[in-house]
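Single-structure report; data block below.
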Amino acid sequence: MPGGMLALPVVAQTLAQQDPADTDYPLGVADKVRIIVFDEPSLSGEFTVNANGALSLPLIGDVRAVGQTATEVAAVIRRHLMDGYVLQPRVSIDILTFRPFYILGEVNKPGEYPYSSGLTIDGAVATAQGYTYRADKRKVFIKHSGEAESAKARITPDLRVRPGDTIRVGERYL
């Protein structure tokens, strides 16, 4: 087994410690990652997925990241580094911060907020300082990142928010 392959299972293990829904988390614009190239501190560091959907890395330039998991991106980086830069590179990637979520409608402080692992609708509403008195506390409309339409969802204690989601809390009608 090549030396670089040893670091890849560690990435999957790190992701598995997050939400079960995030195990195969696809990276997106504004996600921040830590890339470690073993024994190569000048190639390691913290990077943010840019507006073009890439990570700009030393030596190898832009590496497409949007829609790929950390494990997939680590494998691509490893292949690029093997192309005349580093002999048997070992690459690992940790996701440091996720892209923000957005909440609007009948909440006290609508806006953009940082995502945290395990976030539920109740947590998102609490982050936005609660419901207004007009809020419909039975359902919300969620538009997941990359989707064209929002979907109505019944509010339950285990309803999860994903990075990049836009949540709209509607008004209740009597």
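The values are calculated or read from the model by the stated rules, or taken from the named source; none is laboratory data. Quick caveat: nothing in here was measured; it's all calculated off a predicted structure. All Cβ positions, even for glycine, are placed from backbone atoms using ideal geometry, and neighbour counts span all protein chains on display. For accessibility, only protein heavy atoms count, side chains too; no ligands or nucleic acids. Shrake-Rupley method; radii C 1.70, N 1.55, O 1.52, S 1.80 Å.
Looking only at segment 114-145, how many residues end up being among the β-branched types (Val, Ile, Thr) and in a loop (DSSP other than H, G, I, E, B)? Explain how you work it out, then say what you get.
Narrowing segment 114-145 to residues among the β-branched types (Val, Ile, Thr): 120-121, 125, 127, 132, 140, 142.
Add one more test, that the residue is in a loop (DSSP other than H, G, I, E, B), and what stays is 132.
Total meeting the criteria: 1.
Since residue 36 meets every condition but one in (1) of a type in the set (A, V, I, L, M, F, W, C); (2) within 14 Å of residue 75 (Cβ to Cβ); (3) modelled with pLDDT of 90 or more, which condition does it not meet?
If we test residue 36 against (1) of a type in the set (A, V, I, L, M, F, W, C); (2) within 14 Å of residue 75 (Cβ to Cβ); (3) modelled with pLDDT of 90 or more, just (2) comes out false.
Need the failing condition index for residue 163 against (1) in contact with a Pro (Cβ under 9 Å, 6 or more places away or on another chain); (2) modelled with pLDDT of 95 or more, just the number.
Among (1) in contact with a Pro (Cβ under 9 Å, 6 or more places away or on another chain); (2) modelled with pLDDT of 95 or more, the lone unmet condition for residue 163 is (2).
For (1) more than 30 Å from residue 41 (Cβ to Cβ); (2) over 24 Å from the mean Cα position of the chain (by Cα); (3) open to solvent by 40 Å² or more (accessible area, probe 1.4 Å), each residue gets a yes or a no:
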residue: 92; (1), (2), (3): no, no, no
residue: 101; (1), (2), (3): yes, no, no
residue: 118; (1), (2), (3): yes, no, no
residue: 129; (1), (2), (3): yes, no, yes
residue: 139; (1), (2), (3): yes, yes, yes
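Please work out if residue 24 is open to solvent by 70 Å² or more (accessible area, probe 1.4 Å), touching a Ser or Thr at 6+ places or on another chain (Cβ under 9 Å) and at pLDDT below 95.
On the way: open to solvent by 70 Å² or more (accessible area, probe 1.4 Å): yes; touching a Ser or Thr at 6+ places or on another chain (Cβ under 9 Å): yes; at pLDDT below 95: yes.
Spelling it out, residue 24 is indeed open to solvent by 70 Å² or more (accessible area, probe 1.4 Å), touching a Ser or Thr at 6+ places or on another chain (Cβ under 9 Å) and at pLDDT below 95.
Could you tell me which numbered condition residue 109 fails, if it satisfies all but one of (1) touching a Gly at 6+ places or on another chain (Cβ under 9 Å); (2) touching a residue at least 24 places away in the same chain (Cβ under 8 Å); (3) not acidic (Asp, Glu)?
(2)
Does residue 148 satisfy the condition of being in a strand (DSSP E or B), open to solvent by less than 100 Å² (accessible area, probe 1.4 Å) and of a type in the set (Gly, Ala, Ser)?
Answer is no for this residue.
Residue 36 - would you say it is touching a residue at least 40 places away in the same chain (Cβ under 8 Å) and assigned to a strand (DSSP E or B)?
yes
Please go through segment 151-174 and pick out each residue that is open to solvent by 80 Å² or more (accessible area, probe 1.4 Å) and either β-branched (Val, Ile, Thr) or not in a strand (DSSP E or B) (or both).
Listed by number, the residues that qualify are 157, 158, 162, 172, 173, 174.
Residue-by-condition table, conditions (1) touching a Pro at 6+ places or on another chain (Cβ under 7 Å); (2) crowded, with 16+ Cβ neighbours inside 10 Å; (3) modelled with pLDDT under 90:
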{"site": "8", "(1), (2), (3)": "no, yes, yes"}
{"site": "18", "(1), (2), (3)": "no, no, yes"}
{"site": "56", "(1), (2), (3)": "no, no, no"}
{"site": "62", "(1), (2), (3)": "no, no, no"}
{"site": "66", "(1), (2), (3)": "no, yes, no"}
{"site": "72", "(1), (2), (3)": "no, yes, no"}
{"site": "78", "(1), (2), (3)": "yes, yes, no"}
{"site": "85", "(1), (2), (3)": "no, no, yes"}
{"site": "88", "(1), (2), (3)": "yes, no, no"}
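Take the residues in segment 91-113 that are touching an Asp or Glu at 6+ places or on another chain (Cβ under 8 Å) and part of a loop (DSSP other than H, G, I, E, B), then tell me which one is nearest to residue 25 (Cα to Cα). Let's see the steps before the verdict.
Taking segment 91-113 first, the residues touching an Asp or Glu at 6+ places or on another chain (Cβ under 8 Å) are 95-102, 105-106.
The next check asks that each one be part of a loop (DSSP other than H, G, I, E, B); those that pass are 98-100, 106.
On the way: 98: 10, 99: 12, 100: 14, 106: 29 Å.
Checking each candidate, the answer is 98.
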